[in-house]
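Every number in this text was worked out from the coordinates using simple rules, so none of it is lab data. These numbers were taken from a predicted model, which means no experiment stands behind them. Virtual Cβ from ideal backbone geometry, glycine too; neighbours counted across all protein chains shown.
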Amino acid sequence: MRRLLNNLVSVPVTLLGLAVVTFVIGRVMPIDPVLAILGDRAPEDVIARTRIELGLDRPLPIQFLRYLGQILRGDLGTSVITSHPVTQDIAHFFPATIELASVAMLIAVAIGIPLGVLAAARRGSITDSAVRVFCLTGQSIPVFVLALLSLLVFYARLGWAPGTGRADVAFEDMVPTVTGLLTLDSLLDGNWDAFHDALAHLAQPAGVLAWFSVAYIARMTRAFMLDALSGEYIVTARAKGLSETRILWRHAFANISVRLLTVLVLTYAGLLEGAVITETVFSWPGIGQYLTASLLNADMNAVLGATLVVGLIYVGLNLVSDVLYRLLDPRVR
């Protein structure tokens, strides 16, 4: 109960801090929200009236309380670009980011965990050195460089991958929206051509987004496995004559799975918030591209709203990882 109360107190305090940060960002940015709405050539009386209507003429504490009240009501304002409520825009664009991040996470888990286990099992060998170099490279190359190189090689030169975007022009608006995930919606609709096209467009940005996560997961898995393989229970298992494969996966990996789960949950949260550059390069219509376009067009309601939502998701996933860690590991309890 004490831990539960601590979580119940810490989460609202964290969210309040996030609201304070976004409010301060909106006030220190060299962008006048009134001019962003009305334009530079609006009459002075219209500008003054709009400023009063938006409450920007009041003291900052009053403005913050009003901003906090709007957040609690789920009102993030109206986007200047789309003229839609920001919450509606986020609900429209965010499924594309979820789809991209989820596929990238599947790629990262499928490659990163076996690489980390293999490197730990063959510590000091050429395989271990190769995995460590791969991890170092994966965490050193900027995502935008890798994205541009991927487009240059696989799209422009080899012609193996489709162009940017989420789907080919021929398949736009052909699949009815059910979940917002284009691959899943095309499967539910039974449109296999649209599914293959969506999957082909998804493969390249998801692979690029997964690059950093593969390296991070492999490195963390290797470190956890090395710690587990040095335990006395591993010596006992080998003395019993168990196979190396069973020792690795049934004993050592099972022992690190709880700690690794926390890493995976936070990695997924990082993918959701770190897809901005990847979505921009590949013209992926997700929350990252929406956030970038809003920032370039001085649409501060959209910028602050998207930032607040991404921060809320990160805090939520962080809380989930903490709860799962306590539930699955009796030593913590």
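List of remarks:
- Tilt relative to the chain, helix 2-28 - C-alpha long axis, 0 to 90 degrees, to 10: 50
- Close amide H contacts of LEU181 (hydrogens built in the peptide plane, cut-off under 5 Å, sequence separation of 5 or more or a different chain): none are found.
- Over the stretch 120-252, equivalent-ellipsoid semi-axes from the Cα gyration tensor in Å: 41, 21, 11
- Formal net charge of residues neighbouring LEU291 (Cβ-Cβ distance under 12 Å; K, R +1; D, E -1): -4
- The stretch 40-138: trypsin sites (Lys or Arg not before Pro) in DSSP coil with no more than 16 other Cβ atoms inside 10 Å: ARG41, ARG73, ARG122, ARG123
- Note, ³J(HN,Hα) from phi for the stretch 231-248, Karplus 6.51, -1.76, 1.60, rounded to Hz, x at Gly and Pro: x, 5, 5, 6, 4, 5, 5, 5, 5, 6, x, 5, 5, 5, 4, 5, 5, 5
- PRO85 sits among other residues whose Cβ lies under 13 Å from its own Cβ, and their net charge, with Lys and Arg +1 and Asp and Glu -1, is -2.
- The dipole here belongs to the chain: it is taken about the Cα centre, uses +1 on the Cβ of Lys and Arg and -1 on the Cβ of Asp and Glu, and is about 1920 debye.
- Fewest-first sequence of ILE141, ILE126, ILE90, ILE313 by Cβ atoms within 10 Å of each Cβ: ILE126, ILE141, ILE313, ILE90
- Leading residue at positive end of dipole, the chain (Cβ point charges), from SER129, GLY286, LEU199: SER129
- Cα-based radius of gyration of the stretch 194-333 once divided by 2.2 N^0.38 Å, which approximates compact folds: 1.41
- Contact order for the chain, expressed relative to its length and based on alpha carbon pairs under 8 Å spaced 6+ residues apart, stands at 26 percent.
- Global form of the stretch 66-105, assessed from the alpha-carbon gyration tensor, a/c cut-off 1.5: oblate
- Compactness of the stretch 283-333, expressed as Rg and Dmax over alpha-carbon positions, Å: 16.6, 51
- Of the two radii for the chain, the radius of gyration is 1.05 times the Kirkwood radius, both from the alpha carbons; that is the Rg over Rh value.
- In the chain, the DSSP-assigned H stretches of four residues or longer account for a calculated mean residue ellipticity at 222 nm of -23500 deg cm²/dmol, using -39500 (n - 2.57) per stretch and the full residue count as denominator.
- Our summary gives the stretch 48-196 a relative contact order of 14 percent, counting only alpha carbon pairs under 8 angstrom and 6 or more residues apart.
- This ranking places TYR155, TYR290, TYR233, TYR268 by how few other beta-carbon atoms lie within 10 Å of each, fewest first, which gives TYR233, TYR155, TYR268, TYR290.
- Between the alpha-carbon centres of the stretch 275-293 and the stretch 76-143 there is a gap of 14 Å.
- Fewest-first ranking of PHE282, PHE171, using other Cβ atoms within 10 Å as the exposure measure: PHE171, PHE282
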